[in-house]
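Peer 1: Below you will find the structure I want to go over with you.
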Amino acid sequence: MNKGDIMETETGWEDVEVIHAYTRKDAMDDGVLVDLSGLAREAGFRWPLAVTRAVYEMLEPSEELKARGQSVTGRAWDMLFILRVAARRGDGQEISFSPLFLNKPGEPPEHKGLRAVTGPGDDGEPVITVMLPGED
């Protein structure tokens, strides 16, 4: 093939029957992903947004923090705000960002490194997934 020639898109998988596909919806039904699209829309995101179970568990405050007024919604809102700021400065399909989370009263909040990845949803629509580094 010469430089500039159009490459064939054949991968060898065109005629293979798909036995099983694990969709984004399946991951949400199983609890592997948690849909935050409603809150994300309120925060100004146009695309559906989900977080991995590990990120969601980070958003859940301890009982001690709940007693002091923290909630999953509040912590998620803070994370989404920091993501929006990072998204305005970034470009591409992946954005790294580090929101601060209070884990114990009386201790300083900690930066939690996260990444947001855009890609196609089950029907090819654009979606955002927020995950820990090393998750995919």
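Peer 1: Determine whether V16 is among the β-branched types (V, I, T), closer than 13 Å to V130 by Cα and either surrounded by 10 or more Cβ atoms within 10 Å (Cβ to Cβ) or at pLDDT below 95 (or both).
Peer 2: Details: among the β-branched types (V, I, T): yes; closer than 13 Å to V130 by Cα: no; either surrounded by 10 or more Cβ atoms within 10 Å (Cβ to Cβ) or at pLDDT below 95 (or both): yes.
No; evaluated as a whole, the condition is false for this residue.
Peer 1: Further question: Where residues in the stretch 55-73 are surrounded by 13 or more Cβ atoms within 10 Å (Cβ to Cβ) and small (G, A, S), which of them is nearest to the chain's Cα centre (by Cα)?
Peer 2: Filtering the stretch 55-73 for residues that are surrounded by 13 or more Cβ atoms within 10 Å (Cβ to Cβ) and small (G, A, S), the one nearest to the chain's Cα centre (by Cα) comes out as S71.
Peer 1: Can you give me the number of residues within the stretch 100-115 that are at pLDDT 95 or above and either among the aromatic types (F, W, Y) or in contact with a Leu (Cβ under 7 Å, 6 or more places away or on another chain) (or both)?
Peer 2: 1
Peer 1: Determine which single condition M79 fails, assuming it passes every other condition in (1) crowded, with 16+ Cβ neighbours inside 10 Å; (2) at pLDDT below 95; (3) of a type in the set (A, V, I, L, M).
Peer 2: Condition not satisfied by M79: (2).
Peer 1: Considering only residues that are over 19 Å from V85 (Cα atoms) and of a type in the set (G, A, S), which ones fall in the stretch 98-136?
Peer 2: G106, G119, G121, G124, G134
Peer 1: Taking into account only those residues within the stretch 86-136 that are among the basic types (K, R) and surrounded by 12 or more Cβ atoms within 10 Å (Cβ to Cβ), which is farthest from G38 (Cα to Cα)? Before the answer, list the steps.
Peer 2: Taking the stretch 86-136 first, the residues among the basic types (K, R) are 88-89, 104, 112, 115.
Remaining after also requiring surrounded by 12 or more Cβ atoms within 10 Å (Cβ to Cβ): 112, 115.
Working: K112: 23, R115: 20 Å.
Residue satisfying both the conditions and the ranking: K112.
The values are calculated or read from the model by the stated rules, or taken from the named source; none is laboratory data. The structure presented is a predicted model; accordingly, all values stated were derived computationally and were not measured. All Cβ positions, glycine included, derive from the backbone under ideal geometry; neighbour counts span all protein chains shown.
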